[in-house]
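Notes follow once the structure below has been shown.
The values are calculated or read from the model by the stated rules, or taken from the named source; none is laboratory data. The structure displayed is predicted, hence computed values, not measured ones. Cβ placement follows ideal geometry from the backbone for every residue including glycine, while neighbour counts extend to all protein chains displayed. Note: accessible area is taken over every heavy atom of the protein model, side chains too, but ligands, DNA and RNA are not part of it. Shrake-Rupley method; radii C 1.70, N 1.55, O 1.52, S 1.80 Å.
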Amino acid sequence: MNIKQTLRYLALLSIAATLVACGGSDKKNTGTSSFASISAKASSAIAVSSAAPASLKLEVEDYLRFSDATTANEGGKYRTDAVDIEVAMDLGDGYNVGFIAADEWLEYTIVVSKAGTFAAEARVASAKSGGTFYMEIDGVTIGSDFTVSATGGWQVWGSLNQVLGNISEGTHSVCLQMKSNDFNLNWINLSSPDGGVATLSKSALGTISSCIHPVIPPAVTVPANIKLNQLGFQPNAEKLAVVPAVDTTTFTIVNADTETVVFTGDLSAADTWLPALDSVKLADFSSLTAVGNYELRVVGVANPASFQIATTAYDALNAAAIKAFYYNRASTALLEVNAGVYLRAAGHPDDVVRVHASAATVARPAGTIISAPKGWYDAGDYNKYIINSGISTYMLMAAYESLPDYFDNQNLNIPESGDAVPDLLNEVMWNLEWMLAMQDPNDGGVYFKLTSKTFSGFVMPVADTSERYVVQKTTTSALDFAAVMAIASRIYAAHETTYPGKSAQMLTASKLAYVWAKANPAIYYSQPSDIVTGAYGDGDATDEFAWAAAELYITTKDDSYYTAMNPTTVTADIPWWGGVKSLGWVSLANNLSSLTSIADKELIKSRIDGVAASYAAKKAVSAYGVSMENGDFGWGSNSAAAGQAFMLLTAYQLDKTKTEYLSAAQSLLDYLLGRNATDYSFVTGFGSRLPVNIHHRPSDADDVPGAIPGFLVGGPNPGQQDKGDCSTPYPSKIAAKSYVDATCSYASNEIAINWNAPLVFVAAAIQVFTLEAAPPVPN
């Protein structure tokens, strides 16, 4: 949570600052009842805890209700909802809540059996100053802000002490309201010097949280526009549109060229989609299959909605989503013959990169110069990260492994086009060669990132001449690297002529990284004090171990890797950079026919199918006809939509009788391309209303109007973490409407390679699978 004021730093715990650094809302990481009189006289200061035992200790991870800016538990511990929980290296260990963002809250219930004046001791840790939060009783503020000064690290703990005031007898809701970013929170001790007694209840009060202000939710409204996929549909696709809940019960579709009515249908009953608080109806025109240009019209809605039906509906989208990676290449000039108006001079050669002190070894001491060119810029900035690069590179290769025929025939007009290797794989090789250079040949460990010490300004790559470093080696970066190199080895084995020796080199590198990780199983990234770029904090490597073992098993056919995966203990969900366990299941599913007898094929299929079935079920009851729910809206919410579609299409490929999976994935692509509460198509260059002011340095610093095409922006994010840095206001705090097309909005309008990668898979898979499928039966 962002800085409001800085308190005098009083004391630090004697815990070493080299402990695991997690938490903090780094941009990489994507009501009211009554209560008795309150005294607001308070003191806030960081100090070593020496207070007497508290009457009640609230472990913050034991909340009853919450609001969190992210879509998943970025710490990966203790609970499986969206609150970010990690292991706390504090006195007594346990867990803490981290990655805290402004406007998040946590709710608890206490029972006060004897009224009294209460004080609070809050256990906090932060690598920077300025995080703030406050407490409420039954929706009313008690005490004043707790303001966090830097404690020396994300796991260096201290205490803030404050007198709250009198709390009456009875059952009360306690809310921790997060006001600004960047601190971790372990526990709150409530004590009463005059004999007040409080205990914890495990039951939430009422049906609506007192943490929400106002308690009564915003009113449901009827949107103004028809919402549908602005690119259009393939002939056999399920075709849905979201229509404002006006009085009429029917809709009409006309041929846009002839004004001839070609389809009429009944609208569904009105329903409310809670993430947008929109009252809407659905129009289903799936049985309209003729290629052409059309308009959907509804009496009572001013503007018709245009769309097309075409057999090549998503070919251009897929090609642009891949070519976006080319536009984000480091260490090379983009020539006019390939880049057109987006040509640029080379920047960041990365042939003189220094080993940061955090990554120093005897063989490579601090300041050692290495060369690690190529790779992709991670997002809107100019740094390169193994963690995010890993899942992105994997998803592109998984797309190829699933749909080789589609990509074999594609020409992206990149410098390598025309050779014997598919362009998708040529593009992936640009990043693989950088990743290989990030492995220390002396021990097999893998550097976490290649970065400047701070984020550059909004300049072209050639203008950023800041010194570059490789920073720290971690267990998670080694395992992500091992997994990616294992799948790359098996894919590029077929392209030995163009890339001689690469397959063998990548398999050797994979095994070395895996061995290093096994010998160093819990080295997590700790942000050095002189580095402020993305931290991608992850304090649990269990999922990375499983993923790497699965990929090595598939490639080597060595059963010991399958055993090491511990498959019966590994579940599946929607993959993201900090949660990659499902990627192993996807690869196993894509290679079922070549697995050895040790593999439990039914377990593999059930893991994938279970995830897909849950999202198909959500889509079936959604007023918008999508599986997206309130909890899916946070940093990079559009990647949640793409990730759900990725798993649905993987499951559909396993069993093509389950057409509901294909339809659910189609609806998620529709969402990204315009069937959403903002009326934007979220892919630059595609759609009738699209982002043009994205948070992406080359798009902003070049002289070309608008954004470089093919990038998927982050999307609606009610956390609005950039609102202190962005003068352009968000149009709404409502989850699915909290998006602004402004360059300053890194919380909603940045791009990232890990968001584009699943879009590549989804666009290709829907293009291929829908052409093969029969037209769906209308709902």
### Summary
TYR746: passes all of (1) among the hydroxyl-bearing types (Ser, Thr, Tyr); (2) over 30 Å from PRO775 (Cβ atoms); (3) outside any loop (DSSP other than H, G, I, E, B) but (3)
### Query
Which members of the stretch 365-385 meet the condition of being surrounded by fewer than 21 Cβ atoms within 10 Å (Cβ to Cβ) and among the hydrophobic types (A, V, I, L, M, F, W, C)?
ALA366, ILE369, ILE370
### Test result for SER606, modelled with pLDDT of 95 or more and farther than 30 Å from LYS733 by Cα
yes
### Message
Quick check on my filter: what residues within the stretch 556-595 are among the hydrophobic types (A, V, I, L, M, F, W, C) and either more than 24 Å from the chain's Cα centre (by Cα) or part of a helix (DSSP H, G or I) (or both)?
### Response
ALA564, MET565, LEU583, TRP585, VAL586, LEU588, ALA589, LEU592, LEU595
### Message
Name the residue that is surrounded by the most Cβ atoms within 10 Å (Cβ to Cβ), counting only residues in the stretch 597-619 that are of a type outside the set (Val, Ile, Thr) and in a loop (DSSP other than H, G, I, E, B).
### Response
ALA599
### Message
Looking only at the stretch 639-675, how many residues end up being open to solvent by less than 10 Å² (accessible area, probe 1.4 Å) and outside any helix (DSSP H, G or I)?
### Response
3
### Query
Under the condition of being open to solvent by 40 Å² or more (accessible area, probe 1.4 Å) and small (Gly, Ala, Ser), which residue from the stretch 701-739 is farthest from the chain's Cα centre (by Cα)?
SER727
### Task
Filter the stretch 676-688 down to the residues that are of a type in the set (Ser, Thr, Tyr) and open to solvent by 10 Å² or more (accessible area, probe 1.4 Å), then identify the one that is farthest from TRP755 (Cα to Cα).
SER688
### Task
For the stretch 596-635, name all the residues that are touching a Lys or Arg at 6+ places or on another chain (Cβ under 9 Å) and among the polar types (S, T, N, Q).
THR596, SER627
### Message
Tell me whether the stretch 311-321 contains one or more residues that are over 30 Å from the mean Cα position of the chain (by Cα) and open to solvent by 10 Å² or more (accessible area, probe 1.4 Å).
### Response
yes
### Message
Go through the stretch 620-638 and report how many residues are part of a loop (DSSP other than H, G, I, E, B), open to solvent by 10 Å² or more (accessible area, probe 1.4 Å), of a type outside the set (D, E, K, R) and at pLDDT below 95.
### Response
1
### Message
Just checking: which of the helices (runs of 4 or more DSSP H) contained wholly in the stretch 358-470 hold 1 or more residues that are closer than 30 Å to ASP703 by Cα?
### Response
386-402, 423-437
### Message
I'm told GLU544 meets every condition in (1) part of a helix (DSSP H, G or I); (2) open to solvent by 10 Å² or more (accessible area, probe 1.4 Å); (3) touching a Ser or Thr at 6+ places or on another chain (Cβ under 6 Å) except one. Can you identify the failing condition by its number?
### Response
(2)
## Note on the structure
Filtering the stretch 157-171 down to residues that are open to solvent by 10 Å² or more (accessible area, probe 1.4 Å) and either under 38 Å from the mean Cα position of the chain (by Cα) or not hydroxyl-bearing (Ser, Thr, Tyr) (or both) yields ASN161, VAL163, ASN166, GLU169, GLY170, THR171
